[in-house]
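Throughout, read-outs are computed from the coordinates displayed, never taken from laboratory work. In this text, all values refer to a predicted model and were calculated from it rather than measured experimentally. Every residue, glycine as well, gets a Cβ built from its backbone with ideal geometry; the counts of neighbours run over all protein chains shown.
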Amino acid sequence: MFPRPIQQSSVSAQRLYQTMLPIALILWLLPLIAVAVFSIKPATDFTQGNYWGMPGSFELVNNYGQVFFNSDMPRYMLNSVLITVPTVFGAVALSAMAGFALGVYKFRSNIWVFFLFVAGNFVPFQILMVPVRDLTLDLGLYNTKTGLVLFHIAFQTGFCTLFMRNFIRALPFPLIEAARVEGVAEWRIFWYVVLPLMKPALAALAVLIFTFIWNDYFWAIVLTQGPGAQPVTAGITSFNAQYRAAYHLMSAGSIVAALPPVLMFFLMQKHFIAGLTLGAVK
Amino acid sequence: MTVTALPDTDPPKRGWYRRNEIAVTPWLFLAPAILFFSVYVIIPIFQSFSISLYDWDGLGEADYIGLGNYAELMNDRAFEVSLWNNLKWLVCYLLAIPAGLFIALFLNQTVTGIRIYKSLFFFPFVLSQVVVGLVFAWFYLPNEGLLSNMLALVGLGPVNVLGDPKLATYGIILAGLWPQTAYCMILYLTGLNAVDPEQVEAARLDGAKGWRMLWYVIIPQLKPATFIAFVVTIIGALRSFDLISIMTNGGPFGQTRVLSFYMFEKALSEYGFRMGYGAAIAVVLFLIMLIFIAYFLWSMYREEKGGH
């Protein structure tokens, strides 16, 4: 193990390490802690210039209540859910199939199709912006959740296929061979042999895609406008315009908007990190 | 050799699909993904190239002007600023890699509660860039912000980071480095976990420690993690848009624009819908990215060939 385990060092070094840990963490999260503190302060603190002193009163319930019951926030949150969840299912389904095809079968153009997905996954969004916006307008899907979902599914398929294909490559191939010898149809091999083995990959991708799509901002402002279809990342800017300089409400709103992926991460941490670090180890 | 079966005299009852199952199945499985990906990703790339040759407001007739948009870019001061800022992003963003390694080394211990520390250090990566942008914009506020208030404690005057044309881009990059460092950290923590303990012990017996151990024994073993960290950091740097849009909206005086943001501004903003000009900017950004994409694919290709 590197660095050398701290337990092998002197007692004072261990003490130092134990005290450094929380200090480093607080420094690391300082901007965020500041926002959390803002979000429980009363409005009067800001008008009186008491930014960093003790809060005049604790307004946690009031501020967050305002966000939940007296603004468009719940609508934006609902839009985000209705955009994110179908995208997760769509992208995972398409890429599980594509990953199966590229991971199991040997055909000449295999690696080129694979590289097409990988390369497409890296392109800047702006090169797609004008044509995708036009296409969405032509389909009559501008400013709808469906328009966003369709694009997100397509784009995320690139990353997901890369992930699935590499995962399937690492599965024991003799299992598939054995099924073939038994005369099992290829689609049944996918459904009954490969898919059950892919559960960890499916879970990892689901949480990753959830986070990516929830946090998308660019496509939200390119393909939608207004509280009818916009997700929360775009909604938060209108929310902030409405409560200009009301830092307590803007802070509370931002925290609410950030919460679902944060919960997802803490609940599904193992899958999340497994997904992000795929390929980081040989 | 005994001939028992008579396969040729008895034509197979199996249909065309059954006979060609192995060849056809992969394409059936690929079809939906390829269809979606082509319509929304591959074809639009070519369409953008084509649109960049037109003068078009997105609604009326498009006028073919050849390389006119590119010629205009050459003399566009804002384009030049954006290009330089992209370079700043690329160079500064790479700091996330050593910073992530540093934090990973710091946290790679087995004391009680270390898992919670690791999660909390990683946590900024989960936040959307919009929230990160807001958080840092408030952190930097000249009067209300925590940064100015902390500087005041040590007797330094307030700084208006995002209002200063020279500082603003670096202020935004720093905000971007926060989640990016967290990402690199988690990559390295995973990599460190897989470092071969026998090699480390052997090197220790040979008297290697500290920096020499890190440089000659550990970092070579972390190569896969470094590669991924490099890929995601480069892509992240060139994709920067959300933070700029949220924190400064390109200002002050357009000094924090990058190509991705400038393109959006030209194509879709109150300054008029210049789709062709925007597409030309996007093409330039795409070509820059293509250098890196080609390099990544080439590395992956070598890996594939070597691995099997």
Item to complete: For segment A:142-219, state the semi-axes of the equivalent ellipsoid (square roots of 5 times the eigenvalues of the alpha-carbon gyration tensor), sorted largest first and rounded to whole angstrom.
Response: 33, 14, 9
Item to complete: With no solvent and one equal point scatterer per Cα, compute the Debye intensity ratio I(q)/I(0) for segment B:103-261 at 0.13, 0.15, 0.19 Å⁻¹ and report its log10, rounded to two decimals.
Response: -0.77, -0.91, -1.13
Item to complete: Could you work out, residue by residue across A:254-265, how many beta carbons of other chains sit within 10 Å of that residue's beta carbon, and then give the average as an integer?
Response: 4
Item to complete: Can you give me the span-like helices of chain B, meaning DSSP H runs with 27 Å or more of Cα extent along the axis and Kyte-Doolittle mean at or above 0.5?
Response: B:168-193, B:275-307
Worksheet item: Per residue of B:133-140, how many C-beta atoms from partner chains lie within 10 Å of its own C-beta, taken as a mean?
Response: 6
Item to complete: Rank A:235, A:274, A:141 by how far each Cα sits towards the positive end of the charge dipole of the protein assembly as shown (+1 on Lys, Arg Cβ; -1 on Asp, Glu Cβ) and give me just the farthest.
Response: A:274
Item to complete: With an 8 Å cut-off on Cα pairs and a minimum separation of 6 or more residues, tell me the relative contact order of segment A:74-276 in percent.
Response: 33
Worksheet item: Fewest to most neighbouring Cβ within 10 Å: what's the order for A:149, A:11, A:232?
Response: A:11, A:149, A:232
Discussion item. I want to verify a result. In a Gaussian network model of chain B, Cα cutoff 10 Å, which of these has the top mean-square fluctuation: B:161, B:284, B:135?
Written reply: B:135
Worksheet item: What ranking do B:216, A:142 get, fewest neighbouring Cβ atoms within 10 angstrom at the top?
Response: B:216, A:142
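Count, for each residue of A:10-17, the Cβ atoms from other chains sitting within 10 Å of its Cβ, then give me the mean as a whole number.
On the way: counts 0, 0, 0, 0, 2, 0, 0, 3.
Counting other chains' Cβ atoms within 10 Å and averaging over A:10-17 gives 1.
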Worksheet item: Got a sec? Charge dipole of chain B, +1 on Cβ for Lys and Arg, -1 for Asp and Glu; which of B:179, B:244, B:35 is way out at the positive end?
Response: B:179
Worksheet item: Mind checking the dipole of segment A:74-276: about its Cα centre, +1 per Lys or Arg Cβ, -1 per Asp or Glu Cβ, Debye to the nearest 20?
Response: 220
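Where in chain A are the DSSP H helices whose alpha-carbon span along the long axis reaches 20 Å or more and whose Kyte-Doolittle mean is at least -1.0?
Working: long enough: A:11-28 (26 Å, 0.95); A:73-104 (45 Å, 1.38); A:145-169 (34 Å, 0.75); A:199-214 (22 Å, 1.89); A:247-267 (29 Å, 1.58).
Qualifying helices: A:11-28, A:73-104, A:145-169, A:199-214, A:247-267.
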Practice prompt. Report Rg(Cα)/(2.2 N^0.38 Å) for segment B:111-201, keeping two decimals.
Written response: 1.45
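Can you tell me, using C-alpha contacts under 8 Å and at least 6 residues apart, the relative contact order of segment B:76-307 as a whole percent?
Working: 262 pairs, mean separation 61.9, N = 232.
Answer for segment B:76-307 is 27 percent.
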Fill in: Mean Cβ neighbour count within 10 Å, used as a protection proxy, ranking A:32-38, B:241-247 highest first
B:241-247, A:32-38
Practice prompt. Beyond 32 Å between alpha-carbons counts as too far, so tell me which of A:145/B:223; A:199/B:118; B:118/B:223 fall in that bin.
Written response: A:145/B:223
Discussion item. Given a 10 angstrom Cα cut-off, can you work out which residue in B:32, B:124, B:142 is the most mobile in a GNM of chain B?
Written reply: B:32
Response to the item:
The residues B:140, A:243, B:170, sorted from fewest to most surrounding Cβ atoms within 10 Å, come out as B:170, A:243, B:140
Worksheet, complete the sentence: Within segment B:211-308, DSSP-loop GluC sites (Glu not before Pro) with at most 14 other C-beta atoms within 10 Å are B:270
Discussion item. With Kirkwood's inverse mean 1/r over C-alpha pairs for Rh, give me the Rg to Rh ratio of segment A:74-276, two decimals please.
Written reply: 1.05
Discussion item. Cβ neighbours within 10 Å, averaged per peptide: list A:188-201, B:95-108 in order, most packed at the top.
Written reply: B:95-108, A:188-201
Discussion item. Of the candidates B:178, B:211, B:89, which one comes out as most mobile in a Gaussian network treatment of chain B with C-alpha springs shorter than 10 Å?
Written reply: B:211
Worksheet, complete the sentence: Note to self: C-alpha centroids of segment A:128-177 and segment B:178-246 sit apart, in Å, by 29
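Would you mind computing the Rg to Rh ratio of segment A:158-282 from its alpha-carbon coordinates, Kirkwood style for Rh?
1.17
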Worksheet item: Per 10 Å bin from zero, what fraction in whole % of the C-alpha pairs of chain B is there, up to the bin with the longest pair?
Response: 5, 18, 23, 22, 16, 9, 5, 2, 1, 0
Worksheet, complete the sentence: Per principal axis, largest first, the Cα atoms of the protein assembly as shown extend in Å by 100, 75, 49
Worksheet entry | Model label zone, residue A:7; criterion: amide N under 18 Å from point 7 Å along Cα-to-beta-carbon; scope segment B:177-193 | B:193
